[in-house]
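These notes are about the structure you will find just below.
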Amino acid sequence: MVGTAVCPGRVHRLHWRNGQDAALAHQIGPELAFGLVLDGCGAKAQIAGQRRPSHNEVGAHLLGHYLAGWLSRALPTGPSALEVVGGLGEAAASFLGSLVELVSGDAEREMLARTQLLCTIVGFVVRPGDALVFWIGDGLALLDETAWRLDSPPAPDYAAHSLLDGVKRFPVGFMVRDRAGLRRLAVASDGWQPDLLADLPGPCTSLELGRWVNRHAAARDRFADDGAVAVWWADRPS
């Protein structure tokens, strides 16, 4: 089963700023699932010598929903997780490119890309014989009991950078070789800390997972920045 949770960061709440993370997950079948976490860039954009406010949560949600639909179609028919994820970077670039093409003028397109579409992508796919974590930008991953930070320099990197420099971003990934022994897999945005990610509860609904995250967010040393997580568990709750 899968679950997701999103927690607005303390700094964002204090300054009345929108949360910029998105999390999506879908259990397509008994042994087929995916999860996605997207983190919008919170820094102001420097354009023509002026600092412009950013609302890159827009890109995080739009791109997240697009990629969720793309994975829902590609995973059941793809020969392997690696080959499916290999096409995800191209799909993201094509979708983002189609959005900026709706705007007239190079300056306006750059404005849209820099202030609305910059977001990291961290995700996983689980299939009967294999599983894979992939990312463009930074975040965290959890494999059973071990959590660690992910990065793809220069940090942070965003899929929409391809609209600005013409260089396509392709996910970095690694294979979980012993799929049969895998009990849980999770991805999270960089607002999480590895120790808390490793302490995630067992199989539960997204509502229960959100309550667990909210309890920990009350601590002063947790979630200064937004935190989003998507989790897959091998077992359902009894």
Tell me the label-point distance for the pair HIS55, THR205, using the 7 Å Cα-to-Cβ offset, in nm and rounded to one decimal.
3.3
Starting from the Cα of VAL172, move 7 Å in the Cα-to-Cβ direction to define the label point; list residues of the range 121-137 whose amide nitrogen is under 17 Å from there.
121-124, 132-137
What full-extension length gain, to one decimal in nm, is calculated for ARG183 and MET1 as 0.36 nm per residue of separation minus the Cα-Cα distance?
64.4 nm
Go through (1) 29, 22, 14; (2) 36, 32, 14; (3) 28, 22, 19 and flag the label whose value is the computed semi-axes √(5λ) of the Cα gyration tensor in Å for this structure.
(1)
Simple spin-label estimate for HIS216/SER104, 7 Å along Cα→Cβ, in nm, reads 5.0
Using only the heavy atoms of the protein chains and a 1.4 Å probe, how would TRP70, TRP212 rank by accessible area, largest first?
TRP70, TRP212
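Mind listing which GluC sites (Glu not before Pro) in the range 102-169 are in a DSSP loop and have 12 or fewer other Cβ atoms within 10 Å?
Working: sites: GLU108, GLU110, GLU145; in loops: GLU145.
Loop-located and lightly packed - GLU145.
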Top positive-direction residue, dipole computed over the chain with Cβ charges, set MET1, ALA219, CYS119:
ALA219
Suppose the chain between SER94 and ASP165 were pulled fully straight at 0.36 nm per residue; how much longer would it get relative to their current alpha carbon spacing?
24.1 nm
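Over the chain, what is the relative contact order in whole percent, taking alpha-carbon pairs under 8 Å and six or more residues apart?
Over the chain, the number comes to 29 percent.
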Excluding the sites themselves, what is the longest stretch of the chain that contains no trypsin sites (Lys or Arg not before Pro) in a DSSP loop with at most 14 other C-beta atoms within 10 Å?
45-167
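The values are calculated or read from the model by the stated rules, or taken from the named source; none is laboratory data. Just so we're clear, the structure is a prediction, and the values are computed from it rather than from any experiment. All Cβ positions, even for glycine, are placed from backbone atoms using ideal geometry, and neighbour counts span all protein chains on display. When the accessible area is computed, the model is the full protein with side chains, heavy atoms only, and any ligands, DNA or RNA have been set aside. Shrake-Rupley method; radii C 1.70, N 1.55, O 1.52, S 1.80 Å.
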